[in-house]
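Peer 1: Here it is, the structure in full.
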Amino acid sequence: MNVSECLLCHNSACSRVCGIIEPDRILRSLYFDNEEVVANRIDEHVPCFDCDRRCEKACPVKVKIADLITSIKPAEEKSKIDYDVLKTDFCGIPLENPFLLSSSVVASTYDMCARAFEAGWAGAAFKTICLMDIMEASPRFSAIRSDSNRIIGFKNIEQLSDHTLPENIHIFQDLKRDYPDKFLLISLMGRNEEEWAYLADVLNDSGADALELNFSCPNMTEGNTGSDVGQIPELVEKYCRIVKQHTKLPFIAKLTPNVTHIEESAEAAIRGGADGVAAINTIRSLIEVDIDPTDGVVNASIGGYSGRAVKPIALRFTAELSQNRLAGSHHISSMGGIETWKDALEFIALGADTVQVTTAVMQYGYRIIDDLKDGMALFLQKKGFKSIKDIRKSTIRGIVPTEQLDRSYIIYPKFLRDRCLGCQRCFVSCMDGGHQAIRIVDGRPVLQPDRCVGCHLCVLVCPAQAIVSSEVRVKKKKQ
């Protein structure tokens, strides 16, 4: 049984033919690591225990839907999810939850933002407005996929909003009129002092709640814009100072990850008057290189890389910003590889106040907000937190430099015989990429503790998850 085989269909056939429950909604929750939410939702009377499995017959890829649903043990005590635990704020502006659309194609029209607001997103960072003529390339997306065909890395060369400034202002005013309780963050980018000042001025009465200064887009066709500016702290401070002089709204600076020390630009932004920072934008990258130089086809360009593959990098930058004396005391809006509520909570536990999402929405739609909210709210309730703010920075103290790690003990891997498939992948990896600490006995791996250094490569490569970390710490022998 593998929920990753589910296509996450729109208007799914399984729910249409069931007529009793919504199997597609349950499968989507399982897809996004929400087993506890499903357990909280179903009971022992769920019809999947005794039905004709018409949902599976209607499924285009024949997912074992009933088996997946009945594999979840219903929670003994059901909890009514209280979404008030998710309430937070953006620079003092109340938010119903910490989930925002990030400035991109997913928040680029009235209709798109309206549908997102209706779905349950707290707000949106509207796609960056400017005074430039935007001409996009086609196609402009590419991706790296896992073995299960799930997108893990996404590349784009998308630029800024192609609407005129008056068109965008009209959109903002309509959105604020129709959704007064939703948060509207407007991203902007200028090419010089005059443009930054002008845009800040005209946005004052546009319906915007706050501004996000784009110092991070890596795809600009004009110089002295986007990440070209974000890599120079002096320019970041200069343009923040200009915006500060021309706006009555709170604003944050969206920083580029294409630097060695993001704290330098963060400090510059705050010195210039920014109320906080956002990070990270996409990482400059190059994928899908043409390996046949004789065909004369141009099919690759430098662009921005996002998706689950960049999450570890985004987490690192969030931690550095949170630990910084200046940035850590201001609003931090984090993004980079967020798909599930667990992803989002990692950023918040490191110090983020809000989180922004784009790539996951591009793949799965605005509907993922259901599982983001349900999963996070249920987790916080069960752990006894009264507010999401209580968990902010809760794990930042657990991050230590490598030179401070305790290297005096070994944690050996533990082999689970009942799960082992006998593929011997662990043996191959340990022999050729580890410390030759595994031998094969009767077709199954056996650990040689005298050789094992506790690196856990075997844990990572086992396709059956039949090797886990033990809880025993063994002191190293003195050399």
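Peer 1: Would you say VAL472 is in a strand (DSSP E or B) and exposed (fewer than 13 other Cβ atoms within 10 Å of the Cβ)?
Peer 2: Values: in a strand (DSSP E or B): yes; exposed (fewer than 13 other Cβ atoms within 10 Å of the Cβ): yes.
Judged against the criteria, VAL472 is a match.
Peer 1: Could you tell me which residue of segment 359-372 is farthest from VAL310 (Cα to Cα), considering only residues that are buried (at least 17 other Cβ atoms within 10 Å of the Cβ) and in contact with a strand residue (DSSP E or B) (Cβ under 7 Å, 6 or more places away or on another chain)?
Peer 2: ILE369
Peer 1: May I ask you to list pairs of residues, at least six apart or on different chains, whose Cβ atoms are under 8 Å apart, with the first in segment 65-91 being under 30 Å from LEU185 (Cβ atoms) and the second being at pLDDT 90 or above and of a type in the set (Phe, Trp, Tyr)?
Peer 2: If the second residue must be at pLDDT 90 or above and of a type in the set (Phe, Trp, Tyr), the pairs left are VAL85/PHE385; PHE90/PHE183.
Peer 1: Which of the residues that make up segment 191-216 are closer than 17 Å to PHE90 by Cα and hydrophobic (A, V, I, L, M, F, W, C)?
Peer 2: If the condition is that a residue be closer than 17 Å to PHE90 by Cα and hydrophobic (A, V, I, L, M, F, W, C), then ALA208, ALA210, LEU211, LEU213 are the ones that fit.
Okay, residues lined up against (1) in the same structural domain as SER146 (by TED's automatic domain parsing); (2) farther than 19 Å from GLU320 by Cβ; (3) among the basic types (Lys, Arg); (4) modelled with pLDDT under 95:
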{"position": "VAL243", "(1), (2), (3), (4)": "yes, yes, no, no"}
{"position": "LYS248", "(1), (2), (3), (4)": "yes, yes, yes, no"}
{"position": "PRO257", "(1), (2), (3), (4)": "yes, no, no, yes"}
{"position": "GLU267", "(1), (2), (3), (4)": "yes, no, no, no"}
{"position": "ALA278", "(1), (2), (3), (4)": "yes, no, no, no"}
{"position": "PRO293", "(1), (2), (3), (4)": "yes, yes, no, yes"}
{"position": "VAL297", "(1), (2), (3), (4)": "yes, yes, no, yes"}
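Peer 1: A further question on this structure: Can you tell me which residues in segment 120-140 are more than 29 Å from TRP196 (Cβ to Cβ) and either surrounded by 15 or more Cβ atoms within 10 Å (Cβ to Cβ) or not assigned by TED's automatic domain parsing to the domain that holds ASP370 (or both)?
Peer 2: Hit for segment 120-140 is GLY120, nothing else.
Peer 1: Show the residue pairs that are 6+ apart or on different chains and have beta-carbon atoms under 9 Å apart, the first residue being within segment 317-333 and in contact (Cβ under 8 Å) with a residue 24 or more places away in the chain, the second being among the aromatic types (Phe, Trp, Tyr).
Peer 2: THR318/PHE347; HIS331/PHE90; ILE332/PHE347; SER333/PHE90
Peer 1: Which one of ASN11, ASN40 is under 22 Å from LEU345 (Cα atoms) and over 22 Å from the mean Cα position of the chain (by Cα)?
Peer 2: On inspection, the qualifying residue turns out to be ASN40.
Peer 1: OK, next. Do we have ILE171 as farther than 25 Å from GLY226 by Cα, surrounded by 16 or more Cβ atoms within 10 Å (Cβ to Cβ) and not small (Gly, Ala, Ser) here?
Peer 2: The answer is no for ILE171.
Peer 1: Checking the condition within 25 Å of the chain's Cα centre (by Cα) and either modelled with pLDDT under 95 or not aromatic (Phe, Trp, Tyr) (or both), which residue from LEU165, LEU184 passes?
Peer 2: One residue alone meets the criteria, LEU184.
Peer 1: So, restricting to helices (runs of 4 or more DSSP H) that lie completely within segment 351-459, which ones have at least 3 residues that are among the aromatic types (Phe, Trp, Tyr) and outside the structural domain of SER334 (by TED's automatic domain parsing)?
Peer 2: none
Peer 1: Determine if segment 79-86 includes at least one residue that is surrounded by 19 or more Cβ atoms within 10 Å (Cβ to Cβ), within 27 Å of GLY276 (Cα to Cα), touching a strand residue (DSSP E or B) at 6+ places or on another chain (Cβ under 9 Å) and modelled with pLDDT of 90 or more.
Peer 2: Yes - at least one qualifying residue is present in segment 79-86.
Peer 1: Tell me, please, whether a residue that is among the hydrophobic types (A, V, I, L, M, F, W, C), crowded, with 23+ Cβ neighbours inside 10 Å and either within 27 Å of the chain's Cα centre (by Cα) or within 18 Å of GLY304 (Cα to Cα) (or both) can be found in segment 187-195.
Peer 2: Yes - at least one qualifying residue is present in segment 187-195.
Peer 1: Still on this model: Using the structure shown, decide if LYS342 is surrounded by fewer than 24 Cβ atoms within 10 Å (Cβ to Cβ), assigned to a helix (DSSP H, G or I), touching a residue at least 60 places away in the same chain (Cβ under 8 Å) and under 15 Å from the mean Cα position of the chain (by Cα).
Peer 2: When the stated conditions are applied, LYS342 passes them.
Peer 1: Do the conditions hold for VAL453, that is, is it surrounded by fewer than 14 Cβ atoms within 10 Å (Cβ to Cβ), within 23 Å of LYS477 (Cα to Cα) and touching a Phe, Trp or Tyr at 6+ places or on another chain (Cβ under 9 Å)?
Peer 2: no
Peer 1: Among LEU95, LEU175, which is in contact with a helix residue (DSSP H, G or I) (Cβ under 8 Å, 6 or more places away or on another chain) and at pLDDT 95 or above? Explain how you work it out, then say what you get.
Peer 2: Numbers: LEU95 fails: in contact with a helix residue (DSSP H, G or I) (Cβ under 8 Å, 6 or more places away or on another chain).
So the residue among LEU95, LEU175 that is in contact with a helix residue (DSSP H, G or I) (Cβ under 8 Å, 6 or more places away or on another chain) and at pLDDT 95 or above is LEU175.
The values are calculated or read from the model by the stated rules, or taken from the named source; none is laboratory data. Quick caveat: nothing in here was measured; it's all calculated off a predicted structure. Cβ sites come from the backbone with ideal geometry, for glycine too, and all protein chains shown count toward neighbours.
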